[in-house]
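Here, each number is a calculation from the coordinates, and none is a lab measurement. As the structure is a prediction and not an experimental result, all values here were calculated from the model. Note: ideal-geometry Cβ built from the backbone for every residue, glycine included; neighbour counts use all protein chains shown.
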């Protein structure tokens, strides 16, 4: 399989599978503001559905990050003005792949926990990583977007949208009303991935 085709599939299928997993399969509330005990009870109450949902959610996100990594790595290897920005995006993509791998193990342990107290404690660890995800995800999108705008290797609208979503992620760290921007940033990340995947696919044909 050619790298462009692989990258496109990672971005498009990863985003779609992740969205379906989180929104329609995963039984808990993906919002970290929900009490850990409530989310843990939801996962432990339906272990089969929980495992499928987290595999789709975290697995899709991991695949999407691999797509971002492929794009950022290619841009960073160049000599253009966007290479420096793409290098930051590449590091953040790799960091988020590791985070997704870690989180699926943590939440799997919640499902298998021998007591509600242990499940809640593990769920608190999972919820605490939301800030790390938003920081890395925000920097990934912001720097990738700036790199695309500078390099003009993808449609400039995609680059601008990515940069705006990255800023939304970073502002969303503040929580409260600003937390809504974090959700907008996540949706924007999925749409950006699909747009990049489609353009990469079209450029191959």
remark   = Stretched fully, the stretch from residue 129 through residue 84 gains (0.36 nm per residue minus C-alpha distance, one decimal, in nm) 13.5 nm
note = Simple SL model, points at 7 angstrom along Cα→Cβ for residue 201 and residue 29; separation in nm is 3.5 nm
query = What is the distance in Å between the Cα centres of the stretch 89-141 and the stretch 184-205?
reply = 24 Å
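Could you calculate the contour length gain from residue 37 to residue 116, that is, 0.36 nm times the residue separation minus the distance between their Cα atoms, to one decimal place in nm?
Result: 27.7 nm gained on full extension.
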